[in-house]
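No lab work stands behind these numbers, since they all come straight from the coordinates. These numbers were taken from a predicted model, which means no experiment stands behind them. Glycine gets a Cβ as well: all are built from the backbone with ideal geometry, and neighbour counts include every protein chain shown.
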């Protein structure tokens, strides 16, 4: 997602509260209070210590709904020691989320309350199919629940202009429908901010400008924060029973057996180079295109010439790469275990002016077991170069 201008957190208090069109309860079905958030309540209210994580794209990374919800939780439980984890990375989708979850979230320790937002990025950044949306989101939820069955999860659906138009026509955008399907399967509550924004705009109590656009203004983010607060009010309306004990969430049959529930990074240093690939920090100063600092100080496995070839041994049912694709991004020929090669275009529509972070998959329905990936840079290209710069391989 494109950069946004951020306001200091202290300025939120100076802004007027967002108008909320009256209904009973105030957000109705746009707050889906399915399942239970009782485990995190026990941690916050009785144990007085809790770890809360937020994962998503730039909407999560920015000073938006996330710090507002953090402040709300601290006000609800002033004597509780919170650890908050910001696992938002601009431009990333639920596929990337499923693969970076172990290092960026789960490695921090057991998660008590987990907020996830990827509806917009799965739409406008990744251009995901319904199957891809389900594989990523189901993989995130199953991984989190396998790591800690007591983890309470909340999904949030933000909105862009195209998705807003779909909602105003009475239809549900593909990414929201797919994520909601997963949420229903796992009893996960959802915050349908997009539908609430569409309803308020249609009723004349809100404008898209007031909301703030794809990266909401504090005004728009406050609507989401209030919806989350209402969810917690509904879930935690009765006094906590003195003998209340955490209850593990069920892990039902997967919607997609190839979901990324075993998603993880694979160190690019494990690759065996035949020719043309190097592991190190690129010479960014001499490369055209915008760069994001988080990716400019780490070693990448890079190739810039056609014919560069390497192999990687891995275990699992899927293999891909989390990479940055800039103005010189090329096409790679990928094969697994000697199978016919698949040409994967690394160049993205946002690559023209930015070394854009994205995940590309080379194979995603393999038989379980050990495999060998072969990558060879193609002589074909839809850019002015043949580059591929890998941050991490991803495997499931």
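Helix 174-186 sits at what angle to the longest principal axis of the chain, using alpha carbons and giving 0 to 90 degrees rounded to 10? Once rounded, the angle reads 70 degrees. Each of 42, 281 was scored by other Cβ atoms within 10 Å of its Cβ. Listed from fewest to most, they are 281, 42.
If I take every Cα pair under 8 Å that is 6 or more residues apart in the chain, average their sequence separation and divide by the length, what percent do I get for the relative contact order?
Relative contact order for the chain comes out at 17 percent.
Each pair of Cα atoms in segment 9-235 enters the Kirkwood radius, and Stokes-Einstein at 4 °C and 1.567 mPa s then converts it into a translational diffusion coefficient of 74 µm²/s.
The Stokes-Einstein estimate for segment 107-154, based on a Kirkwood radius over Cα pairs and taken at 20 °C with 1.002 mPa s viscosity, is a diffusion coefficient of 183 µm²/s. Here the simple spin-label model places points 7 Å from the Cα toward Cβ, and for residue 161 and residue 243 these points are separated by 5.9 nm. For segment 264-395, the antiparallel share of DSSP beta bridges with both residues in that region comes to about 95%. Can you classify segment 264-395 as rounded, prolate or oblate using the Cα gyration tensor, where a ≥ b ≥ c are the square roots of its eigenvalues, rounded means a/c under 1.5, and otherwise it's prolate if a/b beats b/c and oblate if not? Prolate, since a/c reaches 1.5 and a/b exceeds b/c.
Sorted ascending by nearby beta carbons within 10 Å, beginning with the fewest, 317, 103, 253 become 253, 103, 317. Put in order of Cβ neighbour count within 10 Å, fewest first, the listed residues 236, 277 become 236, 277.
DSSP beta bridges confined to the chain are antiparallel in about 65 percent of cases. Helix 94-104 and the longest principal axis of the Cα set of the chain meet at an angle near 90°. Angle of helix 130-147 to the longest C-alpha principal axis of the chain, folded into 0 to 90 degrees and rounded to 10: 70°.
Multiplying each eigenvalue of the alpha-carbon gyration tensor of the chain by 5 and taking the square root yields semi-axes of 38, 24, 19 Å, largest first, rounded to whole angstroms.
Its DSSP H runs of at least 4 residues, each contributing -39,500 (n - 2.57), put the calculated 222 nm mean residue ellipticity of the chain at -8000 deg cm²/dmol, to the nearest 500.
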